[in-house]
DNA sequence: TCCAAACTGTGTCCGTCGGATACAGAGTAT
DNA sequence: ATACTCTGTATCCGACGGACACAGTTTGGA
């Protein structure tokens, strides 16, 4: 059976003998993505993906070694290629748009947040996203490790915000996470958590949709800008 | 069966009649934590937790409605209470120490990174961590939503870094994530990913242990400092 | 032209996990 | 003493991931 890195990076060549394969890796990944978009990653079983393709469950194992590899394929196909960067833009606008586009991708496929955890083999699409971020920082005076760290910090922030937003029943921002059952918990315990209580009380006025995304993004990019300025001087 | 919020927040009162319970919520959570620390969250099954307590699997369901609630209890017990803040420290040192302490907790129990995803009911310990962060920012001129956003950004950064570090086989930093199989992938594809290739090439010189944590932390706190300064003026 | 090799899809089986349900024993209030 | 309540247990079930052997299909070589 082909390895995961081979599955992700080497195009499948048709077999020289035997019957024509009725499926494609792209078709299988697409069916999995459809199932995960509809009912989440937990409901995306081999059985269900196979059924949606009109095939038995075990037929999938001719193409994919196991479920983890299938999810990896789904992940890279779901994130897709990053949008083309605006040619004349500076590093800050480019990274800002990059982060917001990544956020949009995660919101389109919320299950990718469960799948893209830990150190994994990056697929072509994921690596292209990373390439774009590093390319945006090339020439700013940062060295290699710092550029990769900036990209990791940004993508981490985007992922965390998308996670909080997708899991929230009401599509509010961060504040809704603390709403609902948290209100009942906090009631009567204001003395133990005075700062949180005060922060929540002062939030009632204006609730932002994905305000937390822009906020953290602005802070991180401000900090990166400070570092770049200090290097330039 | 008691609700999750009740399990987390209301102390269990002994039953008025019937035999003495042989187990405790704390003992069950501790057994689960031990199992998860040893072999990960996937290997932490009801059967195994029950066996380590000398009890049948179904006995656990007298204390916990299901596995998700058990994991929630384990999570809050594993993160534990935050360390006491240094009294005279400013907001920046306090948040820096807060983030590093949180990082250490996550590294002690790597499975918490899998468990603490999405909008969930915060337990007493988790809420105390949030309280400390918001308290550190009280009086800086930021309003409630901004303080919560800063805490979310910081905890998200810490979590992402801990995730990358715990999943890496070699305990290197970010660079090791792109090492190993990524090197083989990048070989021969330098034209498609020139920026990443260049960044990786310039990283060979000095590899930092958890350099990425400090780097992102410094950027975020720099950005927060800029905002606070602009409010002060 | 024929046959063996290679490859695909299928049916069947297994171990494990989370969980429901019914039941027997233990301890207390009346 | 008795009825009630609560605990731990035994048994069962459905779903899931995956192993394995088998039948059918296509092609390369003799």
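Which count do you get for residues in region B:113-148 that are within 10 Å of the chain's Cα centre (by Cα) and modelled with pLDDT under 95?
Filtering region B:113-148 for residues within 10 Å of the chain's Cα centre (by Cα) gives B:113-117, B:126.
Then keep just the ones that are modelled with pLDDT under 95; that gives B:113-117.
Residues in region B:113-148 being within 10 Å of the chain's Cα centre (by Cα) and modelled with pLDDT under 95: 5 in total.
Restricting attention to region B:141-158, the residues that are more than 7 Å from chain A (Cβ to nearest Cβ) and surrounded by fewer than 23 Cβ atoms within 10 Å (Cβ to Cβ) add up to 3. Each residue in region A:197-214 was checked for being assigned to a helix (DSSP H, G or I) and either surrounded by fewer than 20 Cβ atoms within 10 Å (Cβ to Cβ) or modelled with pLDDT of 95 or more (or both), and 5 of them qualify. Filtering region B:67-95 to residues that are away from chain A (no Cβ under 13 Å) and more than 18 Å from residue B:31 (Cα to Cα) leaves B:83, B:84, B:86, B:87, B:88, B:89, B:90, B:93. Of the set (1) in contact with a helix residue (DSSP H, G or I) (Cβ under 6 Å, 6 or more places away or on another chain); (2) assigned to a loop (DSSP other than H, G, I, E, B); (3) within 12 Å of DNA strand C (Cβ to nearest atom), all apply to residue A:20 but (1). The residue of region A:35-54 that is nearest to the chain's Cα centre (by Cα), among those that are outside any helix (DSSP H, G or I), within 13 Å of DNA strand C (Cβ to nearest atom) and over 12 Å from residue A:24 (Cα atoms), is A:42.
Within region B:128-140, the set of residues being within 8 Å of another protein chain (Cβ to nearest Cβ), in contact with a helix residue (DSSP H, G or I) (Cβ under 7 Å, 6 or more places away or on another chain) and over 13 Å from residue B:154 (Cα atoms) comprises B:131, B:135, B:138.
With the condition kept exactly as written, say whether any residue in region A:63-73 is away from DNA strand C (no atom under 16 Å from the Cβ), under 18 Å from the mean Cα position of the chain (by Cα) and touching a residue at least 12 places away in the same chain (Cβ under 8 Å). Give the derivation first.
Pass one, region A:63-73, residues away from DNA strand C (no atom under 16 Å from the Cβ): A:71-72.
If we keep only those that are under 18 Å from the mean Cα position of the chain (by Cα) too, we end up with A:71-72.
Okay, now just the ones that are also touching a residue at least 12 places away in the same chain (Cβ under 8 Å), so A:71-72.
Yes, region A:63-73 contains a residue that is away from DNA strand C (no atom under 16 Å from the Cβ), under 18 Å from the mean Cα position of the chain (by Cα) and touching a residue at least 12 places away in the same chain (Cβ under 8 Å).
Filtering region A:112-121 to residues that are touching a residue at least 40 places away in the same chain (Cβ under 8 Å), in a loop (DSSP other than H, G, I, E, B) and either within 7 Å of chain B (Cβ to nearest Cβ) or closer than 11 Å to residue A:162 by Cβ (or both) leaves A:116, A:121. Only one of the numbered conditions (1) under 27 Å from residue A:119 (Cβ atoms); (2) modelled with pLDDT of 95 or more; (3) touching a helix residue (DSSP H, G or I) at 6+ places or on another chain (Cβ under 8 Å) is not met by residue A:12, and that is (2). Looking across B:25, B:7, one residue alone is within 14 Å of DNA strand D (Cβ to nearest atom), buried (at least 18 other Cβ atoms within 10 Å of the Cβ) and within 14 Å of chain A (Cβ to nearest Cβ). It is B:7.
Inspect region A:75-82 for any residue being away from DNA strand D (no atom under 16 Å from the Cβ), loosely packed, with under 13 Cβ neighbours inside 10 Å, at pLDDT 95 or above and in a loop (DSSP other than H, G, I, E, B) and give the result as yes or no. Within region A:75-82 (the criterion being away from DNA strand D (no atom under 16 Å from the Cβ), loosely packed, with under 13 Cβ neighbours inside 10 Å, at pLDDT 95 or above and in a loop (DSSP other than H, G, I, E, B)), the answer is yes, since at least one residue qualifies.
The values are calculated or read from the model by the stated rules, or taken from the named source; none is laboratory data. Predicted model only: the values in this text are computed from it and were never measured. Because the Cβ atoms are built from the backbone with ideal geometry, glycine has one as well, and the counts that use them run over all protein chains shown.
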